[in-house]
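Novice: Below is one structure. I have some questions about it.
Values quoted throughout were computed directly from the atomic coordinates according to the rules given, and no laboratory measurement underlies them. Please read these numbers as outputs of a predicted model, since none were measured by experiment. Glycine gets a Cβ as well: all are built from the backbone with ideal geometry, and neighbour counts include every protein chain shown.
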Amino acid sequence: MIVALLATLGATVVAFVLYPVFAEARGGGLAGLGDAEREILDLEEKKSRLYASLTDLEFEKEAGKVSEADYQTARNDYMGQVAAVIEKLEALAPRKSESKNARKPAESPAERRCGSCSKPSTESAKFCIHCGAAFAPSEARCEGCGEKLPKEARFCMGCGRKVAS
C-alpha cells in the first residue's frame, strides 16, 4: 500500500513539473504569436517597467532618499528610454486612434431637413421630431419583394418586377 501511495505521489510530482513543457509545445502561451507581436509585447512590458521605475523614483525623492540632482539625472534617463520604447511601438503597431477616427464619420447619423419646418432630423426618421410632418421615403423599395432600389432602377434586382414610376 505504501508503494502504491509513493508511486502515485511520484507520478503527480513528475506530471506537475513537466506540464509547462508540454503545454508550451501544444501551442499555449506565446507560441502562436509572430515576431512582430512578440516584440510589441516585449516593448509594452518594458514601457510598464520604466513607468513603474519612474513612480518609484518619485516616491524615493519625496521620501528624501534621492537628491534633486540624482533625481533629475535618473528621471531624464528613464524618460529617454520611455520615449525610445514608444517610438518603436508606434513604428510597429498600427495607430489605434487613426482607425477610430476613420470610423467616426460613418458612425454619426446622416441628417436631412424637414420640408415643413426646415429643422434637421436623422436620415432614418419617418416623421419630423420638431413638427411631426411625414418624410418621404429616402429609398425606393420593390413592392413585390421589398428589395432596396437605386433611383434609376426600372426593374427590381431581386425579383425582376417592373418598378412603378
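Novice: If I model a spin label as a point 7 Å beyond the Cα along the Cα-Cβ vector, how far apart are those points for A7 and E68 in nm?
Specialist: My value for the distance between the label points is 7.5 nm.
Novice: Would you kindly state how much longer the chain becomes between E58 and E147 on full extension, computed as 0.36 nm times their sequence separation minus their alpha carbon distance, in nm to one decimal? Write down the numbers at each step before the final one.
Specialist: Working: separation 89, 0.36 × 89 = 32.04 nm, distance 6.51 nm.
Contour length minus Cα-Cα distance gives 25.5 nm.
Novice: Further question: What is the P(r) of the stretch 109-165, as percent of Cα-Cα pairs per 10 Å bin from 0?
Specialist: Reading upward from the zero bin: 24, 36, 29, 11.
Novice: Do any of K61/K88; K65/K88; K119/K151 go past 27 Å between their Cα atoms, and which?
Specialist: Details: K61/K88 29 Å; K65/K88 33 Å; K119/K151 25 Å.
K61/K88; K65/K88, as the Cα separations exceed 27 Å there.
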